[in-house]
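In what follows, a structure is listed as structure tokens, so that the remarks can point back to it.
The values are calculated or read from the model by the stated rules, or taken from the named source; none is laboratory data. What you see is a predicted model, and the numbers here were worked out from it, not measured in a lab. Neighbour counts are summed over all protein chains in view; Cβ atoms, including those assigned to glycine, are modelled from backbone coordinates with ideal geometry. The protein model used for the area step is the full one, side chains on, heavy atoms only, and it has no ligands, DNA or RNA in it. Shrake-Rupley method; radii C 1.70, N 1.55, O 1.52, S 1.80 Å.
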Amino acid sequence: MIHVWIIWGFEFIISTLISPPLIRGTLDGNYAYTAGVDGKPGVYRASGAGILSILRQDILGDKKLTVLDHPREIFGIAQPLPRWQLINKQYYGVTYQVSGGDTTGSFNSITLEMIEALNAIPRHGGDFLTNYGPHLGPISGAFAGQEEPIIRRIFFDFWALGDKRYELYYTEPHLGNRLTRKDFHPMGNRRPEQSPEGKWKKVGEWAFDWTGPFYVAAVGDDRYFVTDTGRVFFAPKIDRTFAPEVHDFGPRRAVKPETQLKELWKGPPVDALIHDADAKTWYAFTKDRYFKIADPIKPKPHTIPFRREWTANKALESAVLCGRVIRGLPAPTMTERTWDDLASPEPRVGHKAVWANLNEPARAVALLKERLKPVPSPPAKELAALIDDLGSESFAKREAAQKRLREFGHTIEPILREAVSTAATPEGKRRLNQLLTDCQSIASRTPDEIRAVRAVQMLERIGNPESRQLLEACAKGADAAILTREARQALKNASP
């Protein structure tokens, strides 16, 4: 989700939220999709640049994740979940370009078929096959005439109606709690020579009591709003028509200003919002229930282990599991391979193992109690000898030492940091820095660390006294160990 801060001088500053956003995905056939800005860790997260990618995975679990690169670079995004939709195999997104204090943004669309075709061409150039929609006029125009140096904020989402028609919903907390809807129609003004921004027309305004990002879910003519804190609101349909003879359009039934949005869901916060493109409906998932967004009074149970994450590939893992539930596919069961599968670097395999454990919580806790142990402090003498070997004249000895040190994972990160400052040789210092870089990368986690993250996720989700006791035991391990840190955070999350 995009959190847009606009300050004096109309400069856009895109900043991350404190907590990860709602998990969001789309089901189309047997595939689940998410989207986000992909880039190298520590580089794109800082600069906000990257390639907008669509991620796809078969919910049947037979195929690996597929990245469909959208042929357009994104600049100025400081978090990897910008606004997007996938409707009728057409990808709709919002793109930004930031240069100094000047920010431009617009809606655009491209078919999945075209994205796949372009990706098949080595080093294809440009985004000339993208269909451009309107400029983000209402977002910029929302602050026209505001002279006082106040901090201005906008949160928004959109819904694409096809034929270059869009609905834009946005809030301005600094000006009061109101949700505004503006519609765009390519023929929607009396003077066609007007700029595209002039084709936006306000058709509704509601009052609400939240402050922060939200998502729009469209079911028929009704609109639902799910906040990033997991609340669900409803706005009745607006009857609208288009009069081509006057190049105008407008509501047949106006919404009275300050009309309160109706809050639909009073249960646990929603953690995932899944659009079923085939059924043209939406599903909301809480920690243990899910329901059709248009019918929240009939929730059903589920056992999916949710954990909100910033990156799109993590959201995809949860979207795949949600897709299996929505499609009524059988839940996996524990097998002799479950323990090994928890350490798999392949998300499909690992999350299937997590799900299998959660379906049998008593067996899962017994398995983890037997095999999941607190991580001991690393052996000081062995580490000292290995660090010395990093500067050895023997290439084979240097390689062996680096390989062995990498097996310790994040547990030795503090020791590596200290050793860098006292490295005796340039080669030893270079290798130490490389090991530190690996420690900062999720992709470099060892199998035991991958398993530790999933095990803690399961124990936190099970939430019984036995699982908490195991978390408390794991939290007493070496401070820098992934298992220790994850267990401590899980206990903190569970604290009242």
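What the table below lists for this structure:
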item	result
Selection count, the range 461-484, where residues are among the charged types (D, E, K, R) and at pLDDT below 90	2
Enumerated helices (runs of 4 or more DSSP H) restricted to the range 376-433, each holding at least 3 residues that are over 25 Å from Ile482 (Cβ atoms) and over 38 Å from the mean Cα position of the chain (by Cα)	395-407
The listed residue being assigned to a helix (DSSP H, G or I), modelled with pLDDT under 90 and touching a helix residue (DSSP H, G or I) at 6+ places or on another chain (Cβ under 7 Å), out of Glu309, Glu317	Glu317
Sole residue being open to solvent by less than 30 Å² (accessible area, probe 1.4 Å), aliphatic (A, V, I, L, M) and at negative phi, chosen from Ile462, Ile482	Ile482
Matching residues in the range 215-235 - criterion: being acidic (Asp, Glu) and part of a strand (DSSP E or B)	Asp222
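This table checks each residue for (1) among the hydroxyl-bearing types (Ser, Thr, Tyr); (2) open to solvent by 20 Å² or more (accessible area, probe 1.4 Å).
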| position | (1), (2) |
| --- | --- |
| Ala284 | no, no |
| Tyr290 | yes, yes |
| Ala294 | no, yes |
| Ile297 | no, yes |
| Pro301 | no, yes |
| Pro305 | no, no |
| Arg308 | no, yes |
| Lys314 | no, yes |
| Gly328 | no, yes |
